[in-house]
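**Student:** Pasting a structure below so you can have a look.
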2 protein chains.
Amino acid sequence: MSPAEHPDHDRPVTDAAAVGPATGDGPEPPLPDADAAIVAGGAPPSARVPLDRDRIVSEALVFLEEVGPGGLSMRRLGKRLGVEAMSLYRYVPGKEDLLDAVVESLISGMYADPEVLSTPDNGWQDFLQRMAHGVRRVALAHIQAFPLVASRPPEAPWLRPPLRSLDWVESFLAGLTSEGFSDAAAVAAYRSFTSFLLGNLLLEVASHGADIGPLDVVDDGEEDNEALRQHPTVARLRADLAQDHSATEFEEALEQLLERIAATKVELADG
Amino acid sequence: MSPAEHPDHDRPVTDAAAVGPATGDGPEPPLPDADAAIVAGGAPPSARVPLDRDRIVSEALVFLEEVGPGGLSMRRLGKRLGVEAMSLYRYVPGKEDLLDAVVESLISGMYADPEVLSTPDNGWQDFLQRMAHGVRRVALAHIQAFPLVASRPPEAPWLRPPLRSLDWVESFLAGLTSEGFSDAAAVAAYRSFTSFLLGNLLLEVASHGADIGPLDVVDDGEEDNEALRQHPTVARLRADLAQDHSATEFEEALEQLLERIAATKVELADG
DNA sequence: ACCTGAACACCGTTCAAGT
DNA sequence: ACCTGAACACCGTTCAAGT
């Protein structure tokens, strides 16, 4: 498996990398002097949009999805925005803060999803179900970026991944209390809901990450065969284990979670 | 909160960093010329242990815990081992592989834990309980390193984080089938067990990561107050949310999981 | 007001050379 | 056999300078 590996720093990211906004990558005419700063994009070259924080953050998000974490550098991101890396520091204090902003924009982006309600209108179960599915859609749409949601240190104990947005935490807690949850029950539900989402979605996203060869990957060399010979049960259940049940797994686990929350709601009801 | 921040690249990691193996860090005598390559450690300086893969991996693990990911570089790790960075490449193909090795050694280290059995001797519930607690101990003992277990792409679909070790997956599956689980039931249990562990432990580890100020952190500036004013439910439940219930949360969730697995065992029983 | 050049202190990795 | 020096192609970030 490792012979085909090339660490990403000597793969120079196409080099003729995109400058200017997405042009629908058609067949590109050979450029006479390729290093020129401005390539005919669609907007006239003189109309230099002056760059702003939101544009940086959202470009970082799509770039991240293309090249993965570690493919994202301030210098490369600058290039994509038609600017030197140093310009980014006018709008963002540093790379760490950029990544935090990306993570927050990920979850905040859920506001645009009409399937997700910020307030219950058909019972709390429906409310939580929509929210869970909303986060799942976000995760699956951002395979590369989503793990950041878990790996970056949270800035407050009440922002549990993956719900790293004050707005959504507020929605969650206010929504449940408006549906008759006691404070204690709402907080307990928040805890179990977040750890349910984190575990399931991280695992699902990770499995999409490196799922290249499910079974007969040309020939894995002797190594893998030897490893499997020493782990007979894994070998026997290999096909089962490789199967992707993530969708139904998610639905079932969510169902169980809601039942459990319903029970806690009753237990922790206040007079 | 951000004024006190200094990106770790200009904090030069104590500089007089440890050279040579752990000497029990007693009071160190002032060295005349500190930059000399060999410091009296305990073993005679001439007895240069020739370095090997295991020593590198385990030193990386402890170093990681001290400086966090991003504080670990090949060059700094080399320095700690009394060697130039380039020497490491004799034993390890590259940094990525080193990190994978660290992750595997983390989980494999559970073999040393007498509380964890590699084979059930008192029913499968006891078996899984010991295993869950074993992984939890590993996670809590390696706050910095544990998240790597989730963020690194898995090399096979049958190695679901955090059980990223063929040996333990084999133990898990063989253990359950030996206790009367059908193949399908064992695989289902494996799936729910791993996502339970990942969600709970990642969250617990993350909360230990940046839990500096639970409530009145001197004064958070107007920003935080303003943010909380716009999120009244979060503000009201702040104290509740900040409380650490991880231990009992874990136990309760584990209990629920075992019940659910017991139900699946019956459902998926084969004739 | 907004961006850049040049510089600094780092990275991971290769390879010919040292002992 | 094992380690090192020097080099290469990158990093993040600062700051004085350009337009």
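The values are calculated or read from the model by the stated rules, or taken from the named source; none is laboratory data. Keep in mind that this is a model prediction, so the values were computed, not measured. Please note: Cβ atoms are built from the backbone with ideal geometry, for glycine as well, and neighbour counts cover all protein chains shown. SASA here: full protein model, heavy atoms, side chains in, ligands and nucleic acids out. Shrake-Rupley method; radii C 1.70, N 1.55, O 1.52, S 1.80 Å.
**Student:** Say whether the condition of being open to solvent by 20 Å² or more (accessible area, probe 1.4 Å), outside any helix (DSSP H, G or I) and touching a helix residue (DSSP H, G or I) at 6+ places or on another chain (Cβ under 6 Å) is met by at least one residue in the stretch A:258-271.
**Tutor:** Taking the stretch A:258-271 as the starting set, the residues that turn out to be open to solvent by 20 Å² or more (accessible area, probe 1.4 Å) are A:259-260, A:262-271.
Restricting the remaining residues to those that are outside any helix (DSSP H, G or I) gives A:268-271.
Narrowing further to those that are touching a helix residue (DSSP H, G or I) at 6+ places or on another chain (Cβ under 6 Å): A:268.
Checking the stretch A:258-271: at least one residue is open to solvent by 20 Å² or more (accessible area, probe 1.4 Å), outside any helix (DSSP H, G or I) and touching a helix residue (DSSP H, G or I) at 6+ places or on another chain (Cβ under 6 Å).
**Student:** Do we find a residue being more than 14 Å from chain B (Cβ to nearest Cβ) and within 16 Å of DNA strand D (Cβ to nearest atom) anywhere in the stretch A:108-119? Step through it out loud before you land on a result.
**Tutor:** Filtering the stretch A:108-119 for residues more than 14 Å from chain B (Cβ to nearest Cβ) gives A:109-117.
When the remaining residues are screened for being within 16 Å of DNA strand D (Cβ to nearest atom), the result is none.
No: zero hits.
**Student:** Can you tell me which condition A:GLU104 does not meet? The list is (1) among the acidic types (Asp, Glu); (2) closer than 30 Å to A:LEU254 by Cα; (3) within 10 Å of DNA strand D (Cβ to nearest atom), and all the others hold.
**Tutor:** Answer for A:GLU104: the failing condition is (3).
**Student:** Restricting attention to the stretch B:236-271, and to residues there that are free of Cβ contacts under 8 Å to residues at least 24 places away in the same chain and under 20 Å from A:ALA253 (Cα atoms), which single residue is farthest from the other protein chains (Cβ to nearest Cβ)? Talk me through it step by step, then tell me what you get.
**Tutor:** Keep residues of the stretch B:236-271 that are free of Cβ contacts under 8 Å to residues at least 24 places away in the same chain, which gives B:236-238, B:240-241, B:243, B:245, B:247-248, B:251-252, B:255-256, B:259, B:263, B:266, B:271.
After this cut, where a residue has to be under 20 Å from A:ALA253 (Cα atoms) as well, the list is B:251-252, B:255-256, B:259, B:263, B:266.
On the way: B:GLU251: 13, B:GLU252: 9, B:GLU255: 11, B:GLN256: 6, B:GLU259: 10, B:ALA263: 10, B:VAL266: 15 Å.
Only one residue fits best here, namely B:VAL266.
**Student:** Output the qualifying pairs, or none if there are none: Cβ atoms under 8 angstrom, residues six or more apart or on different chains, first residue in the stretch B:222-235 and facing chain A (nearest Cβ under 8 Å), second residue exposed (fewer than 12 other Cβ atoms within 10 Å of the Cβ) and modelled with pLDDT under 90.
**Tutor:** Listed by first residue and then by second, the contacts come to nothing, as the list is empty.
**Student:** Now, a different point. Say whether the condition of being more than 7 Å from chain A (Cβ to nearest Cβ) and open to solvent by 20 Å² or more (accessible area, probe 1.4 Å) is met by at least one residue in the stretch B:159-168.
**Tutor:** yes
**Student:** If you don't mind, there's one more thing I want to ask. Could you say whether any residue in the stretch B:188-204 is modelled with pLDDT of 95 or more and either away from every other protein chain (no Cβ under 11 Å) or open to solvent by 40 Å² or more (accessible area, probe 1.4 Å) (or both)?
**Tutor:** Yes.
**Student:** Among the residues of the stretch B:156-180, which ones are outside any helix (DSSP H, G or I) and of a type outside the set (A, V, I, L, M)?
**Tutor:** Step one: list which residues in the stretch B:156-180 are outside any helix (DSSP H, G or I), which gives B:156-165, B:179-180.
Listed by number, the residues that qualify are B:PRO157, B:TRP158, B:ARG160, B:PRO161, B:PRO162, B:ARG164, B:SER165, B:GLU179, B:GLY180.
**Student:** Still on this structure, please answer the following. Could you list, in sequence order, all residues of the stretch B:40-66 that are among the β-branched types (Val, Ile, Thr) and at pLDDT 95 or above?
**Tutor:** Narrowing the stretch B:40-66 to residues among the β-branched types (Val, Ile, Thr): B:49, B:56-57, B:62.
Listed by number, the residues that qualify are B:ILE56, B:VAL57, B:VAL62.
**Student:** Could you list all residues from the stretch B:83-128 that are within 13 Å of DNA strand C (Cβ to nearest atom) and open to solvent by 90 Å² or more (accessible area, probe 1.4 Å)?
**Tutor:** B:GLU84, B:MET86, B:TYR89, B:ARG90, B:PRO93, B:GLU96, listed by residue number.
**Student:** Separate question: Of (1) within 14 Å of chain B (Cβ to nearest Cβ); (2) open to solvent by less than 40 Å² (accessible area, probe 1.4 Å), A:MET131 satisfies all except one. Which?
**Tutor:** Going through (1) within 14 Å of chain B (Cβ to nearest Cβ); (2) open to solvent by less than 40 Å² (accessible area, probe 1.4 Å) one by one, A:MET131 breaks only (1).
**Student:** Regarding A:LEU72, is this residue near DNA strand D (Cβ under 9 Å from one of its atoms), modelled with pLDDT of 95 or more and under 16 Å from the mean Cα position of the chain (by Cα)?
**Tutor:** yes
**Student:** If you scan the stretch A:60-82, which residues turn out to be assigned to a helix (DSSP H, G or I) and within 13 Å of DNA strand C (Cβ to nearest atom)? Spell out the reasoning first.
**Tutor:** Here is the first cut: in the stretch A:60-82, the residues assigned to a helix (DSSP H, G or I) are A:60-67, A:74-80.
Residues satisfying the conditions are A:MET74, A:ARG75, A:LEU77, A:GLY78, A:LYS79, A:ARG80.
**Student:** Exactly one of these conditions fails for A:VAL92: (1) at pLDDT 80 or above; (2) among the β-branched types (Val, Ile, Thr); (3) at positive phi. Give me its number.
**Tutor:** Among (1) at pLDDT 80 or above; (2) among the β-branched types (Val, Ile, Thr); (3) at positive phi, the lone unmet condition for A:VAL92 is (3).
**Student:** Looking at A:ALA139, A:ALA132, A:ALA145, which is the one that is within 11 Å of the chain's Cα centre (by Cα) and in a helix (DSSP H, G or I)?
**Tutor:** On the way: A:ALA132 fails: within 11 Å of the chain's Cα centre (by Cα); A:ALA145 fails: in a helix (DSSP H, G or I).
Of A:ALA139, A:ALA132, A:ALA145, the one residue that is within 11 Å of the chain's Cα centre (by Cα) and in a helix (DSSP H, G or I) is A:ALA139.
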